[in-house]
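*Asks:* I have a structure here, written as structure tokens, and I will follow up with some questions on it.
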Amino acid sequence: MKKVLQFLAMPLIIALQITIGCLLFAFGNGAGLTFMIPIALIIYMFLGGYAFSKIESKKIKILSAVFTAALLILSFVILFAVSGYNDSTGFIVPLISPFANSFSYMFVNFEIVEYLSLPYMIITAIGSAIPVLIILISSKIFNADNKKIKAALLVVMALICVIEIGFGIKGAVSLYEDSYVGEDGQLYNAYYDVNGNKYEDNADVPYYDTQGNVYYWTYDESIDPYSDENFLYCGELTDEQGNEYDIDKVYVNADGYIYIDEKDEMQLREDIPYEVDTEWSYMDKDGNIYASILSVSYMNDGTPYTGMGNEYRNK
């Protein structure tokens, strides 16, 4: 019985972290996700490392580590095989293994693999076994013979956890800044204007041109939502006098102010390489850069933001 418990020590520690992670996600209004990594590090480094250091049998340690790593990787293989990598799995990944996404993103940032490609998913699955490595390294520290080195390394472990907690707090604060609490107590995405003012509804967000005129994105609710007319309908821009403007002719400049191209003078940029994907693909006769208002939102500091190619906003 003792050997069985020792063998199950690592899987049970992983299960404890997953349970706490699910509770954080369920009751943390989304902010709990920002604390996944610091909580996991505390559990793996200290609880996991200490518990695993008490197991004397190297055979049991190896078998337990291999079994746990295989279990984590298999869980990701099944997850990807059943549902593919979509919005739902994006939330499940950090619950099972908080380090998996960070590990695979590193390969994306270095342009070794493409995001959401098969190699990316394989790397994510392999990265899910990182908790096993953390527990093994931590157990070695707890078993260190030199007390001074052991104490120094434990302090380093504690500092790493404190730093990650700081990042978690920063992430939670940022999340609340970009959200609002609904009547049901849940967090919902907030919206911002070019001045960084916060709104709960996108319909309340004012848009400004360089002359200071104010516009709102409006919709004709009389249009049948199931009609052909509504199929490509995205609303219109309406000024304070009630004048309406074709939304397809409205652009946002690099500073976040709108420009209504009533004379159809806007041109596609020719200075962007063919293979580049960017929403900032328009230019006026003076060389000013624009994006269609259909693809622009604002960050909490008022900076205009698009889904891709923001590095071309000012160049």
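The values are calculated or read from the model by the stated rules, or taken from the named source; none is laboratory data. Because the structure is predicted, anything quoted here is derived from the model rather than measured. For neighbour counting, all protein chains shown are included, and Cβ atoms are generated from backbone atoms with ideal geometry for every residue, glycine included. Areas reflect the complete protein model, heavy atoms only, side chains present, ligands, DNA and RNA absent. Shrake-Rupley method; radii C 1.70, N 1.55, O 1.52, S 1.80 Å.
*Asks:* Can you list the strands (runs of 3 or more DSSP E) found entirely within the range 205-310 that contain at least 1 residues being over 24 Å from residue 177 (Cβ atoms)? I'd like the intermediate steps shown before the answer.
*Replies:* Details: elements: 206-208, 214-218, 236-239, 244-246, 250-253, 258-260, 289-292.
Of the strands (runs of 3 or more DSSP E) lying wholly inside the range 205-310, those with at least 1 residues that are over 24 Å from residue 177 (Cβ atoms) span 214-218, 236-239, 244-246, 250-253, 258-260, 289-292.
*Asks:* Taking the condition of being open to solvent by less than 40 Å² (accessible area, probe 1.4 Å) and either farther than 16 Å from residue 5 by Cβ or not hydrophobic (A, V, I, L, M, F, W, C) (or both), how many residues in the range 62-74 meet it? Steps first, please.
*Replies:* Start the filter on the range 62-74 by keeping residues that are open to solvent by less than 40 Å² (accessible area, probe 1.4 Å), which leaves 64-65, 68-69, 72.
Now restrict to residues that are either farther than 16 Å from residue 5 by Cβ or not hydrophobic (A, V, I, L, M, F, W, C) (or both): 64, 68-69, 72.
Result for the range 62-74: 4.
*Asks:* A follow-up question, please. Scan the range 1-25 for residues that are under 13 Å from residue 96 (Cβ atoms), touching a Ser or Thr at 6+ places or on another chain (Cβ under 8 Å) and open to solvent by 20 Å² or more (accessible area, probe 1.4 Å) and jot them down.
*Replies:* 11
*Asks:* Just to be sure, is residue 111 at pLDDT below 95, in contact with a Leu (Cβ under 9 Å, 6 or more places away or on another chain) and among the acidic types (Asp, Glu)?
*Replies:* no
*Asks:* Just for helices (runs of 4 or more DSSP H) wholly inside the range 45-154: which have at least 2 residues that are free of Cβ contacts under 8 Å to residues at least 12 places away in the same chain and over 22 Å from residue 10 (Cβ atoms)?
*Replies:* Working: elements: 49-53, 58-83, 87-96, 100-109, 118-127, 130-142.
Helices (runs of 4 or more DSSP H) meeting the threshold: 58-83, 87-96, 100-109, 118-127.
Residue by residue, here is whether (1) farther than 17 Å from residue 294 by Cβ; (2) open to solvent by less than 50 Å² (accessible area, probe 1.4 Å); (3) more than 30 Å from the chain's Cα centre (by Cα); (4) at pLDDT below 90 holds:
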| residue | (1), (2), (3), (4) |
| --- | --- |
| 207 | no, yes, no, no |
| 211 | yes, no, yes, no |
| 225 | yes, no, yes, yes |
| 228 | yes, no, yes, yes |
| 232 | no, no, no, yes |
| 241 | yes, no, yes, no |
| 246 | no, no, yes, no |
| 251 | no, yes, no, no |
| 257 | no, no, no, no |
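*Asks:* Let me ask something else. Within the range 213-222, take every residue that is out of contact with any strand residue (DSSP E or B) (no Cβ under 7 Å at 6 or more places or on another chain) and surrounded by 11 or more Cβ atoms within 10 Å (Cβ to Cβ) and give me the one that is farthest from residue 304 (Cα to Cα). Can you show your working first?
*Replies:* The initial filter retains those residues of the range 213-222 that are out of contact with any strand residue (DSSP E or B) (no Cβ under 7 Å at 6 or more places or on another chain), namely 219-222.
If we keep only those that are surrounded by 11 or more Cβ atoms within 10 Å (Cβ to Cβ) too, we end up with 219-220.
Details: 219: 22, 220: 26 Å.
Ranking the candidates gives 220 first.
*Asks:* Scanning the range 279-301 for residues that are within 31 Å of the chain's Cα centre (by Cα) and modelled with pLDDT under 90, which turns out farthest from residue 196 (Cα to Cα)?
*Replies:* 299
*Asks:* Is it true that some residue in the range 239-254 is within 30 Å of residue 174 (Cβ to Cβ) and among the hydroxyl-bearing types (Ser, Thr, Tyr)?
*Replies:* Within the range 239-254, one or more residues are within 30 Å of residue 174 (Cβ to Cβ) and among the hydroxyl-bearing types (Ser, Thr, Tyr).
*Asks:* Condition check: aromatic (Phe, Trp, Tyr) and surrounded by fewer than 19 Cβ atoms within 10 Å (Cβ to Cβ). Does residue 282 satisfy that? Give the derivation first.
*Replies:* Values: aromatic (Phe, Trp, Tyr): yes; surrounded by fewer than 19 Cβ atoms within 10 Å (Cβ to Cβ): no.
So residue 282 fails the test.
*Asks:* Looking only at the range 29-59, count how many residues are open to solvent by less than 20 Å² (accessible area, probe 1.4 Å), of a type in the set (Gly, Ala, Ser) and under 17 Å from the mean Cα position of the chain (by Cα).
*Replies:* Selection size over the range 29-59: 2.
*Asks:* Another question about this same structure. Could we say that residue 132 is open to solvent by less than 40 Å² (accessible area, probe 1.4 Å) and either acidic (Asp, Glu) or farther than 24 Å from residue 42 by Cβ (or both) here?
*Replies:* Working: open to solvent by less than 40 Å² (accessible area, probe 1.4 Å): yes; either acidic (Asp, Glu) or farther than 24 Å from residue 42 by Cβ (or both): no.
Spelling it out, it is not the case that residue 132 is open to solvent by less than 40 Å² (accessible area, probe 1.4 Å) and either acidic (Asp, Glu) or farther than 24 Å from residue 42 by Cβ (or both).
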